[in-house]
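S.K.: One structure, pasted below without further comment.
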């Protein structure tokens, strides 16, 4: 019996579809067992994947780790183990830049098994007109409780999304990051403008926002109370599990994030890729399993049905998949298609963690926006450029 060990993240969306994939893969390969362990959301966002690649064959990863993993030779280039036709099909089926976010130095280091970005969430029994613009958000907040997930990591994520909204040029660089994020860091004027909008948003939001992550926030929105405390969230990473009828006491629906223009302009790209450790003793089998997980039929079938949030466009456009999730996918796809790829250079994961802590403390202290912008740029130059 050949055993492959995988590490994912501890949520139904992260664990259930991969265990279902293992069961179906075993019918094709009775002599192969793929087992999965899970780490918390915080560990998924912060733990260096190079450490995990020493102990696991397969890993669920976030795209900003790609540059560091490449430098440490932690992953196998999947384009050397899978056919060019399969890689091309995955590129054609990408939701936004999900597939491209796992490319680095001309090679494919993971496959997009899960697609996500910050979108809007709301209780459909309490919100009938979903905001499209910031004027709409202000109007709704005047008589409805709104919130955001604003613990350090997710406050930082919202700032990045707001930068994209405030920027004049959102064109991707060659390495994927948007034009407003230069080699010397995010543009100072864009950062300052986004900080102003973030202050406004926090003033409109439930004060407990500063302690919440997406799961805690969405758990509260869907909790068993007839009168929802939190009815609307303008920016939160989308979780289709909360839009499945019967999954939670109350359903949470999702929509495109609001913007200054009133039309979707994109937010920070999240999602999850599946990578193969360079230390695996069974590289061909591990790569075949990764390809099985992201195949269109599995993605819009068992992957979605078991609680996963697919990464393939055919699943996002599938009528049945949307019917079982209150149209989660079609209602947020425009935001995903315009979403921005974070930098993947060596040092970025450490910058993201420290930037979240810096921003969280600065917002609590009500520091001037220009001061916050300067501090974030200085941190980038210290952590990434030196």
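FYI, it's all coordinate maths here, none of it is from the lab. Here the structure is a predicted model, which means the values were calculated and not measured. Note that we place each Cβ from the backbone using ideal geometry, even for glycine, and neighbour counts take in every protein chain shown.
S.K.: Which value in Å does the Kirkwood hydrodynamic radius of the chain take, with 1/r averaged over all unlike C-alpha pairs and then inverted? Please report the intermediate quantities before stating the final value.
M.R.: Working: mean 1/r = 0.0477 Å⁻¹.
Kirkwood hydrodynamic radius for the chain: 21.0 Å.
S.K.: Would you kindly give the portion of the calculated P(r) for segment 157-263 that falls above 23 Å, as a percent of all Cα pairs? Walk me through the numbers before you get to the answer.
M.R.: Details: 2246 of 5671 pairs.
Considering segment 157-263, 40 percent of its Cα-Cα pairs are separated by more than 23 Å.
S.K.: What's the whole-number percent of alpha carbon pairs in segment 173-233 lying beyond 14 angstrom? Present the calculation step by step, with values, prior to reporting the outcome.
M.R.: On the way: 1266 of 1830 pairs.
Result for the distance tail: 69 percent.
S.K.: Suppose only helical runs count, i.e. DSSP H with n ≥ 4. What mean residue ellipticity at 222 nm does that imply for the chain under -39500 (n - 2.57) per run, divided by all residues and rounded to the nearest 500 deg cm²/dmol? Could the numbers behind the result be given before it?
M.R.: Working: 15 runs with 154 residues, N = 386.
Helix contribution divided over all residues of the chain: -12000 deg cm²/dmol.
S.K.: If you scale each eigenvalue of the Cα gyration tensor by 5 and take the root, what three semi-axes come out for segment 215-364, rounded to whole angstrom and sorted largest first?
M.R.: On the way: eigenvalues 152, 120, 52 Å².
Value: 28, 24, 16 Å, ordered largest first.
S.K.: Let me ask another. Convert 20 °C to kelvin, take the viscosity as 1.002 mPa s, use the Kirkwood radius over C-alpha pairs of segment 53-182 as Rh, and evaluate the Stokes-Einstein diffusion coefficient in µm²/s, rounded to a whole number. Show your work: numbers first, answer last.
M.R.: Numbers: Rh = 17.8 Å.
The calculation lands on 120 µm²/s.
S.K.: Sticking with this one: Percentage of Cα-Cα pair distances in segment 11-100 greater than 21 Å, rounded to whole percent?
M.R.: Numbers: 1846 of 4005 pairs.
Here the long-distance tail beyond 21 Å is 46 percent of all Cα pairs in segment 11-100.
S.K.: Here's something else I'd like to know. Using a 10 Å cut-off on Cβ atoms, rank the peptides 67-75, 47-55 from the highest mean neighbour count down. Show your work: numbers first, answer last.
M.R.: Details: 67-75: 19.9, 47-55: 17.0.
In decreasing order of mean packing, 67-75, 47-55 become 67-75, 47-55.
S.K.: To continue, here is another question. Quick check of the Kirkwood formula: for segment 109-183, what is the inverse mean of 1/r over all pairs of different Cα atoms, in Å? Write out the running numbers ahead of the final one.
M.R.: Numbers: mean 1/r = 0.0659 Å⁻¹.
In segment 109-183 this quantity evaluates to 15.2 Å.
S.K.: Suppose R0 equals 25 Å. What FRET efficiency, 1/(1 + (r/R0)^6) with r the Cβ-Cβ distance, do residue 189 and residue 365 give to the nearest 0.05?
M.R.: Details: r = 22 Å, r/R0 = 0.88.
It comes out at approximately 0.70.
S.K.: Helix 328-337 sits at what angle to the longest principal axis of the chain, using alpha carbons and giving 0 to 90 degrees rounded to 10?
M.R.: 80 degrees
S.K.: Can you check what the Kirkwood hydrodynamic radius comes to for segment 240-320, Cα pairs only, in Å to one decimal? Numbers along the way, then the final one.
M.R.: On the way: mean 1/r = 0.0651 Å⁻¹.
The answer is 15.4 Å.
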